[in-house]
Amino acid sequence: MKEIYNPAEIESAAQSYWETNNSFKVTEEPGREKYYCLSMFPYPSGKLHMGHVRNYTIGDVVTRHQRMLGKNVLQPMGWDAFGLPAEGAAIKNRMAPADWTYSNIDYMKGQLRTLGFGYDWSRELATCKPDYYKWEQWLFTELYKKDLVYRKNSIVNWDPVDQTVLANEQVIDGRGWRSGALVERREIPQWFIKITDYADELLEELDTMDEWPEQVRTMQRNWIGKSHGVRFAFPYELDGKQEQLWVYTTRVDTIMGITFCAVSAEHALALHAAKENSELAAFLEECQTGSVAEADLATMEKKGLPTGINVTHPLTGEQIPVWVGNYVLSGYGDGAVMAVPAHDERDFHFAKAYGLPITQVIQVGDESFSTDGWEEWYADKGRGTCINSGKYDGMSYSDAVDAIAADLEERELGEKRVQYRLRDWGVSRQRYWGSPIPMIHCDKCGIVPVPKADLPVVLPEDIEFDATGGSPIKKMPEWYQVSCPECGGDAERETDTFDTFMESSWYYARYTCPDADDKMLDERADYWLPVDHYIGGIEHAILHLLYARFYHKLMRDAGLITSNEPFKKLLTQGMVIAETFYRNEEDGSKSWFNPDDVTVEHDDKGRAISAKLAADGNPVEIGGIEKMSKSKNNGVDPQSMVDRFGADTVRLYTMFTSPPDQSLEWSDEGVEGASRFIRRLWNLAWNRRDAITAPGDLSNLNDQQRTARREIHTALKQASFDYERQQFNTVVSAAMKIVNTLYKLGDTPADRAILNEGLSITLRLLGPISPHVTHTLWRELGYGDEILNALWPQTDETALVQESIQYVIQVNGKVRAKIQVPADADKAAVEAIAIADDNVQKFVGDNTVRKVIVVPNKLVNIVAN
RNA sequence: GCCCGGGUGGCGAAAUUGGUAGACGCAGCGGACUUAAAAUCCGCCGGAGGGUAACCUCCGUGCCGGUUCAAGUCCGGCCCCGGGCACCA
């Protein structure tokens, strides 16, 4: 052991120790409790950012803690390796996406190693490897056979200059990111997986997933968007032909209040009417270019034009005018709605704007209805009864819905229907760097899935990108020209690749058996799954987590696994944020400076008052605290922090500064503090190394020593509780409290015994958080070989027992005294001592004591007036 | 607009879920050690007022009201900040 704490040295030694001993390699042990802890795998973008460090530290802390509880713990790591940035880098650096990706993986893996994360690297996977994507290709062909996969036309962004399809991220302000050309919408055939077949199961299971944050469950519920309603038609005649306008509504009870219909700008009826009407045609054009951001839509002005077409009310036979409305969504339901301005807020504002009639058909109690302004109760579904509705008058919501739906059904003009917002999952991407879609197009046989024996369809990695960014495999006849597996004739491969969400939807399962070479998953999957604890960013709340849940059910129904859900517990960690600094440039733009390059001046209260750029000494503006990002240049490089302070300090700081689900504000001073604490621990161990030799006798302690031991075990109890509820910041503070207590101990045999016990507890509490320094001290002080496998410390309840207890005495709810009472005193005795106190007497005065509340071992409240 | 979070010292945050508000840390101040500095160790540290002092009093958890012996915590109403989103008929 050395006098001076040297993180670089002890950390690399500890890491080598774990590597040579395969400390984190695990196998299935039937009968032993397993724990599968997983952090969302990274995209290999180049280097780790602070968000990764936080995510993976949380995962590693959970992993090491569960291991010390005696469980068989799996924590794997891998790479979400397909994706668009590799193509951009390929064009820019004139290198193959595969080479760029592999070199990034190499570098980032080294970074993960220096942070001391305990991964079972024998299970490492990269989703761009054929032995990985082979199995999702196989599953896709199986789904095709089960009729869960289909092909249909869908719209893509087309760059007319580069002659290539663009991903949404590559469209900037409606223009191609490279060419700058106006992007066109083109319809091409694409592959879909029927996630809607699983919508109900995906929705209903959310109710049972009580270890997921409520926020995430709500977001998924809304995304699936199930509603119960009625779909019905308005007949009309057009060019002498009988047609029907179909709409969907959840408020068919208001059907007698329809005063117009509204269709979306893309609706066939609108397009037809626009042929004869140039004003309408211009309006439809305008609707195409408006903002599509949801928040804008919510506050957007309601606009519309009449089509000049009338339809017939299915029950009254009345003529109803059809309008085009910018508030009608083309993609939901039939792209058309019935409008009941009296009982729908959007319809109301539209009717007011265009002078359309408003007819009240629902009455709630004695509320008074007026067309002057909108009232909340007008649209209160389920309240009130029908009026002005002929034979439906007096009916409640559910009676009216049943009766009206029955009448519509009788006329063959409608029926009840469950509607979802969720759409089928479009998985085709016209990109290169992804898994090829294993389908063959044969002129004779049609679509033929690639047989299992021919899988995987390997993506060629040794390619060159031309400047357009178009997918190279689309220009490689030697790759896509094949013979048909069925008839043997000439055929062509699908040249589109899968959406990268396909790979990230099942990687958690493949880690359980990454070497299975004849099956997607083997029997080991059921030992480890479901994942007990999944950790990642909130940005994946909907898409990734919904697709992974869907995929899990697909794999279950393919007979590969038996569980229903992939992730038992979910933790969404908070953002990492930092101060920003900028200068206003002459052209009105801002240039942002990294906090590393700025010196901040504080006033005597410690408030930041001004900041200067270190390079030129001139002032910069303080821009407020924001999420670490490239655009604000406020990212702190984890590597430079590890180099300066060591991984243990960086890990301790990220755990100590905020609870895991809240945002974490970076502060250099805070990191210094974390580093100072670790040195304080090290110095204690060094200075008292001769005293910490063996456990001593704890049975004969004086008052001071008993207090010290009580403080240690109180902190331990709190820390164990906080580990369970994953509030790691207070775990660190508990360890700090114990160290503070240990510093105050003397050097008698009893003090040495307490020190020995206290330090062994502290090291184990911190073991999961700062593993290197605790590993080293554990061995140097002779506690054992591996703290990693040490058992979690138990609270000694007898150490918590006190001879006398401090009671807080309140008079009328205000603290007036603190008294020491023997621990065995009964309620009456406590009361008596409390009332006898001088200060209590002073405040009770001449008043009569009405009531005395005694909270055992805590507090007495005397009510007097 | 709607749905989640959140609002506590100069700052990051605690408060074992209704029982001493501010633990632990950062910054700051004071002291010890040192020729000196750094490092380290010890102490003080919400505001106002009183006392030589140990201490004492009043105010204080975004704002207003309520429930309770007791509210940072529960209920009702509002104001800010952060994140997300379905104009879904």
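Of everything in the range A:416-441 that is in a strand (DSSP E or B) and touching a helix residue (DSSP H, G or I) at 6+ places or on another chain (Cβ under 6 Å), the residue that is least open to solvent (accessible area, probe 1.4 Å) is A:TRP425. Is there a residue being under 27 Å from A:TRP79 (Cα atoms) and in a loop (DSSP other than H, G, I, E, B) anywhere in the range A:473-494? Yes.
If you check A:GLY784, A:GLY813, which single one turns out to be within 13 Å of RNA strand B (Cβ to nearest atom), without any contact (Cβ under 8 Å) to a residue 60 or more places away in the chain and either of a type in the set (Gly, Ala, Ser) or at positive phi (or both)? If you could, list the steps in order and put the result at the bottom.
Numbers: A:GLY784 fails: within 13 Å of RNA strand B (Cβ to nearest atom).
The unique qualifying residue is A:GLY813.
Could you list, in sequence order, all residues of the range A:706-732 that are part of a helix (DSSP H, G or I) and in contact with an Asp or Glu (Cβ under 9 Å, 6 or more places away or on another chain)? Residues satisfying the conditions are A:ARG706, A:ALA708, A:ARG709, A:ILE712, A:HIS713, A:LEU716, A:LYS717, A:PHE728, A:ASN729, A:THR730, A:VAL731. Suppose the filter is open to solvent by 70 Å² or more (accessible area, probe 1.4 Å) and assigned to a strand (DSSP E or B); does A:LYS444 pass it? So A:LYS444 fails the test. Looking only at the range A:522-543, residues that are in contact (Cβ under 8 Å) with a residue 60 or more places away in the chain and open to solvent by less than 30 Å² (accessible area, probe 1.4 Å) come to 10 in all. Selection of the range A:86-128 for residues being surrounded by fewer than 18 Cβ atoms within 10 Å (Cβ to Cβ) and part of a loop (DSSP other than H, G, I, E, B) yields A:ARG94, A:MET95, A:GLU124.
Looking only at residues of the range A:567-612 that are modelled with pLDDT of 85 or more and open to solvent by 80 Å² or more (accessible area, probe 1.4 Å), we find that the one that is nearest to RNA strand B (Cβ to nearest atom) is A:MET575.
For the range A:324-339, the candidate set comprises residues that are out of contact with any Asp or Glu (no Cβ under 6 Å at 6 or more places or on another chain) and open to solvent by less than 30 Å² (accessible area, probe 1.4 Å); within that set, the residue that is nearest to RNA strand B (Cβ to nearest atom) is A:VAL328.
Here the range A:134-161 is the region considered, the condition is being crowded, with 20+ Cβ neighbours inside 10 Å and charged (D, E, K, R), and the residue that is farthest from A:GLU266 (Cα to Cα) is A:GLU136.
Restricting the range A:821-849 to residues that are near RNA strand B (Cβ under 8 Å from one of its atoms) and open to solvent by 60 Å² or more (accessible area, probe 1.4 Å) leaves a set whose member that is farthest from A:VAL811 (Cα to Cα) is A:LYS842. Pairs linking a residue in the range A:265-289 that is loosely packed, with under 12 Cβ neighbours inside 10 Å to a residue that is assigned to a helix (DSSP H, G or I), with Cβ atoms under 8 Å and 6 or more positions apart or on different chains, are A:LYS275/A:ALA281. Only residues that are open to solvent by less than 30 Å² (accessible area, probe 1.4 Å) and polar (S, T, N, Q) were counted in the range A:447-471, giving 1.
The values are calculated or read from the model by the stated rules, or taken from the named source; none is laboratory data. Keep in mind the model is a prediction, meaning the values are calculated, not measured. All Cβ positions, glycine included, derive from the backbone under ideal geometry; neighbour counts span all protein chains shown. The accessibility values were calculated without ligands, DNA or RNA, using every heavy atom of the protein model including side chains. Shrake-Rupley method; radii C 1.70, N 1.55, O 1.52, S 1.80 Å.
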